[in-house]
Amino acid sequence: KHLLYEYHWEWNFPATPTTLAIRTDRYKYIYYHGIWDKNGLYDLQTDPHERHNLIRVPAFAELADKLKNQLFTELGEMGGLTMPIRPPKDFQFYDRKLRR
């Protein structure tokens, strides 16, 4: 049993990257597309607040690869590897004016 998550970059919110993830009962693997951030691997049983990223821990390398492959295989089978492009609405987040 697992859950797939996808969020695609939006013009209105440029600081939020395209994020793809897969979550099992115990682990969560997060892939950040097109930015320099580290991908994430978290053991939700021992680290429910996701404070200790295991992505570069050698003992978890095989699990990270397995979850990454599963994520991209399933997204590919469902047509989820195509980024939807939507027209921009209003202003980008950092250009919005605050009321005084």
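The figures follow:
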{"item": "Residue match in region 9-24 (condition: farther than 30 Å from Arg86 by Cβ and in contact with a helix residue (DSSP H, G or I) (Cβ under 8 Å, 6 or more places away or on another chain))", "result": "yes"}
{"item": "Count of residues meeting criterion [within 22 Å of Trp9 (Cβ to Cβ), in contact with a strand residue (DSSP E or B) (Cβ under 7 Å, 6 or more places away or on another chain) and not hydrophobic (A, V, I, L, M, F, W, C)] in region 42-85", "result": "5"}
{"item": "Strands (runs of 3 or more DSSP E) contained in the chain and holding at least 3 residues out of contact with any Gly (no Cβ under 9 Å at 6 or more places or on another chain) and modelled with pLDDT of 80 or more", "result": "2-7, 18-24, 40-43"}
{"item": "Region 60-77, residues that are over 15 Å from the mean Cα position of the chain (by Cα) and touching a residue at least 60 places away in the same chain (Cβ under 8 Å)", "result": "none"}
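Residues are listed down the side, and each one gets a yes or a no for (1) at positive phi; (2) in contact (Cβ under 8 Å) with a residue 24 or more places away in the chain:
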| site | (1), (2) |
| --- | --- |
| Thr19 | no, no |
| Ile22 | no, yes |
| Arg26 | no, no |
| Trp36 | no, no |
| Leu44 | no, no |
| Glu50 | yes, no |
| Pro58 | no, no |
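The values are calculated or read from the model by the stated rules, or taken from the named source; none is laboratory data. Everything quoted here is computed from the prediction, not taken from an experiment. For neighbour counting, all protein chains shown are included, and Cβ atoms are generated from backbone atoms with ideal geometry for every residue, glycine included.
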